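What follows is a short report on a single structure.
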Amino acid sequence: MKILLANPRGFCAGVNMAIECLDEAIRICGPEIYVYHEIVHNKYVVENFTAQGVTFVNDLDEVPHGAFLLYSAHGVSPELREHASSRNLRTIDATCPLVTKVHLEAVRFAKQHYNIVLIGHEGHDEVIGTMGEAPESITLVETAEDVDQLEFPPGSKIAYLTQTTLSVSEANTVIERLRERFPHIESPPKEDICYATTNRQEAVATLAPQTDVVLVLGSQNSSNSKRLAEIAAGMGKPSHLIDGADEIAPSWFTGSETVLITAGASAPEVVVEQCIDRLVADYDATVEVMTIREENVQFQLPKELRVLQAAER
């Protein structure tokens with residue numbers, strides 16, 4: 001067996017920042033820290049922090065008054081921030097800056113009285129947070145068919161935004177339909193879909209034709225990881241989204257000579273290494289790293305955490 005190891009893969013700058021943020025918060029404040037929703041959508045990461053004593057909550061009323069609360073990488077609504085303030089929670093904002101960019105765009109368009117069409121997946125943490133910035137101005141769509149159902153008064157100003165972790169091709173299909181129906185629709189100066197999401201999708205699309213099977217490391221609730229598996233499947237390749245090596249099934253590799261391994265932006269490298277080790281042990285696999293694009297993006301830790309770090313000195 002030959003393994004093609006996609007590069008780039010795994011953690012993006014926003015996930016790196018969020019995880020470093022929680023690591024530092026634990027170091028400075030101790031493990032009695034609460035996180036609103038999962039810090040990132042990955043089972044391995046969440047279980048690792050839970051084992052250290054971190055508590056993940058979906059309701060702020062579960063957080064004791066005055067406790068440390070960290071917002072996940074996916075962002076939160078202004079309403080939730082106000083609720084946290086009313087409980088005197090000491091908050092640390094680990095929202096990915098690229099998600100914050102979408103929030104600010106929503107606020108800007110809403111202030112200018114635009115009808116905002118948000119392209120995204122209903123119920124996703126990021127979408128909930130973005131819509132919370134201007135709930136009366138934003139309409140959510142997932143597909144081109146959803147666009148056909150939109151009705152705005154004649155002469156309305158219309159703009160669109162996108163969830164950062166969408167499939168580029170699927171988002172473009174919806175955007176094309178929006179432009180057909182609303183030729184004067186406005187868009188952000190720079191696209192919202194995250195650079196890392198785009199790069200990982202490009203790597204799969206480029207490398208999948210050279211392989212027999214595709215393994216995507218990532219959790220089922222990770223939007224960007226699911227998109228990678230869907231892209232490979234759409235190219236006719238057997239594709240499996242897994243959390244780790246213990247989910248690998250030997251039946252996947254019958255008659256297969258080449259396997260592509262990649263990882264979603266919230267999946268740690270350790271789970272990739274464990275899968276490689278499993279295939280090397282079971283199939284005497286060799287590994288070839290396939291670099292499609294270089295990445296060097298970094299985000300600094302949030303201000304609240306830098307203040308805590310400075311207080312140590």
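The values are calculated or read from the model by the stated rules, or taken from the named source; none is laboratory data. Predicted model, so just to flag it, every value in this text is computed and none were measured. Here Cβ is always computed from backbone atoms with ideal geometry, including for glycine, and neighbour counts include all displayed protein chains.
A few remarks follow.
- From the list 113, 37, the one residue that fits, being on the phi > 0 side of the Ramachandran plot and in contact with a Phe, Trp or Tyr (Cβ under 8 Å, 6 or more places away or on another chain), is 37.
- Scan of region 143-163 for residues that are small (Gly, Ala, Ser) and free of Cβ contacts under 8 Å to residues at least 12 places away in the same chain, ordered by number: 155
- When region 112-130 is filtered for residues that are of a type in the set (Ser, Thr, Tyr) and either outside any loop (DSSP other than H, G, I, E, B) or under 18 Å from the mean Cα position of the chain (by Cα) (or both), only 130 remains.
- Any hit, region 245-258, residues being within 26 Å of residue 73 (Cα to Cα) and in contact with a helix residue (DSSP H, G or I) (Cβ under 9 Å, 6 or more places away or on another chain): yes
- Counted residues, region 188-221 - those being more than 15 Å from the chain's Cα centre (by Cα) and either at pLDDT 95 or above or hydrophobic (A, V, I, L, M, F, W, C) (or both): 14
- Scan of region 234-249 for residues that are part of a loop (DSSP other than H, G, I, E, B) and not basic (Lys, Arg), ordered by number: 235, 236, 238, 243, 244, 248, 249
- Residue satisfying all of: in region 35-70; within 14 Å of the chain's Cα centre (by Cα) and buried (at least 19 other Cβ atoms within 10 Å of the Cβ); farthest from residue 269 (Cα to Cα) among these: 37
- In the condition set (1) surrounded by 14 or more Cβ atoms within 10 Å (Cβ to Cβ); (2) in contact with a strand residue (DSSP E or B) (Cβ under 7 Å, 6 or more places away or on another chain), residue 286 is compliant with all but (1).
- Looking only at region 116-163, residues that are at positive phi and in contact with a His (Cβ under 6 Å, 6 or more places away or on another chain) come to 0 in all.
Residue-by-condition table, conditions (1) within 26 Å of the chain's Cα centre (by Cα); (2) assigned to a loop (DSSP other than H, G, I, E, B); (3) in contact (Cβ under 8 Å) with a residue 24 or more places away in the chain; (4) not assigned by TED's automatic domain parsing to the domain that holds residue 201:
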{"position": "256", "(1), (2), (3), (4)": "no, yes, yes, no"}
{"position": "260", "(1), (2), (3), (4)": "yes, no, yes, no"}
{"position": "265", "(1), (2), (3), (4)": "yes, yes, yes, no"}
{"position": "270", "(1), (2), (3), (4)": "yes, no, yes, no"}
{"position": "274", "(1), (2), (3), (4)": "yes, no, yes, no"}
{"position": "281", "(1), (2), (3), (4)": "no, no, no, no"}
{"position": "304", "(1), (2), (3), (4)": "yes, no, yes, yes"}
{"position": "308", "(1), (2), (3), (4)": "no, no, yes, yes"}
